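Every number here is computed from the coordinates shown, using simple stated rules; none is lab data. Model, not experiment: these values are computed from the prediction. Cβ sites come from the backbone with ideal geometry, for glycine too, and all protein chains shown count toward neighbours.
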Amino acid sequence: MIEVLDSTLREGEQTPGVYFDAHIKLAVARALDKVGVQYIEAGHPAVSPDIRDAVRQLAAADLKAIVGAHSRSLTKDVDAALECGARFLGIFYCVSEERLNGVFRTNLPAAIAQITQVISYAKQRDPELIIRYTPEDTVRSQFGNVVEAAAAAVESGADIISVADTTGYMVPGTDHNMYDYVRRLKAALEDRGLRPKIAVHCHNDRGLALANALDAYRAGADIIDAAAVGLGERAGIVDLAQLLVVLHADFGEDRWSLKELTNLYTLVSDHAGIPVPVNFPVTGHNAFTHCAGVHTHAATINPTHYESLNPDLLGRSRKFALDHMSGIASVRYALRQIDEPEDLAPAVLDAVKAVGRKGKVVELPELRHIVDAAKHNGACRQREK
Ligand code: HCA
Ligand code: CU
């Protein structure tokens with residue numbers, strides 16, 4: 001059964017300008033727990049004392065989710081994570097030749113020695129600790145290096161190997177696709193008698209993070225990383241709500257409380273200072289709003305004419321926007337919502353279209369004023385007769 005790791009508080013806080021206070025981190029973690037994600041990556045304790053304190057606070061918060069910390073392949077990072085009470089540790093170390101030679105000034109055997117030493121150390125300090133090893137930029141690294149490092153990591157105690165598409169490079173249907181990659185890596189490890197869980201961490205540089213994560217899922221990945229509002233470095237990573245909704249609606253995975261997502265998104269977006277785009281799938285303001293007359297007419301008869309996802313899934317409601325595109329069906333629907341007679345619809349529609357031509361949507365409070373004016377003008381005309 002697929003598991004989801006939320007990294008809003010680690011990867012998400014790497015979004016430029018985003019900082020969550022400790023009390024907000026706790027609130028986000030509680031909201032994530034209500035959604036029901038299996039892992040919460042709470043932060044990288046070695047980065048700063050306040051991140052360390054926040055990870056410690058979350059690890060002690062009695063959540064159902066497994067709370068974890070991020071760590072370089074250094075014993076001091078492992079110590080910092082364990083002192084926070086993390087039950088899960090994500091260790092990353094890139095093993096591409098370019099990074100080994102150009103940045104770390106080392107070679108593969110030395111890097112593997114360091115990775116395995118740190119993993120053995122962590123496992124020996126806490127045998128219950130769940131350890132993930134990520135060869136950062138996995139998919140652009142030499143495949144042989146990834147297999148060598150991953151196999152050595154598993155042999156020294158890693159439970160999970162994460163395939164990181166650190167730069168959002170993978171594209172379904174090309175020679176660099178996640179489906180084949182995950183299959184190939186699983187097979188190479190199995191050839192060595194190794195069956196770690198496989199995680200996948202997809203960045204959204206090409207707008208394909210979710211598609212790649214689903215490719216990994218179909219190829220047998222066990223864990224998918226995501227973040228609320230798709231936060232993260234550059235274009236961010238897989239959007240949590242979109243992932244959970246697709247896994248639920250299209251792959252029959254039914255482990256999460258999708259109705260809790262709205263709450264989580266409001267919290268995260270308010271405190272990240274990043275509004276959810278109105279046209280964002282699933283959680284955007286317009287995600288379940290119909291506009292053009294042809295659409296609203298058909299959708300009032302049967303919403304599935306223009307919906308492939310039911311807003312009830314998320315505890316949201318279907319809306320019909322009133323603007324210059326509106327038709328009589330939307331106005332009638334809105335009048336029923338505010339308990340006003342439907343025979344006002346033609347006059348109200350003219351006024352709605354006039355407002356809409358200014359690039360505005362008529363919300364229900366303004367509609368009440370329009371109705372009031374229509375009644376008033378109607379009464380005046382009666383008196384003039
Ligand atoms: C980072 C890079 C990372 C790591 C993922 C992981 C990536 O910010 O350190 O440790 O599993 O995209 O490769 O987020
Ligand atoms: Cu990342």
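Some observations on this one:
- Non-local Lys pairs in the chain, i.e. 8 or more apart or on different chains, that have alpha carbons under 22 Å apart: 16
- By the combined test of axial Cα extent (at least 24 Å) and Kyte-Doolittle hydropathy (mean at least 0.0), the qualifying DSSP H helices of the chain come to 108-125.
- Computed about the Cα centre, the dipole magnitude for the stretch 294-362 is approximately 320 debye when only Lys and Arg (+1) and Asp and Glu (-1) carry charge, each at its Cβ.
- Net charge dipole, the stretch 225-292: roughly 160 debye, given to the nearest 20, about the Cα centre with Cβ charges of +1 for Lys and Arg and -1 for Asp and Glu.
- Estimated distance in nm for a label pair at residue 103 and residue 278, the labels positioned 7 Å out from Cα along Cα-to-Cβ: 4.0
- The chain - charge dipole about Cα centre, Lys and Arg +1 at Cβ, Asp and Glu -1, debye rounded to 20: 800
- Cα gyration tensor shape of the chain, rounded if a/c is under 1.5, else prolate or oblate by comparing a/b with b/c: prolate
- Between residue 328 and residue 61, residue separation times 0.36 nm minus the direct Cα-Cα distance comes to 90.9 nm.
- Gained length - residue 312 relative to residue 369, 0.36 nm times residue gap less alpha-carbon distance: 17.6 nm
- Ranked packing of 61-71, 291-301, most packed first, by mean Cβ within 10 Å: 61-71, 291-301
- Neighbour counts of C-beta atoms inside 10 Å place 271, 44 in the sequence 271, 44, starting with the fewest.
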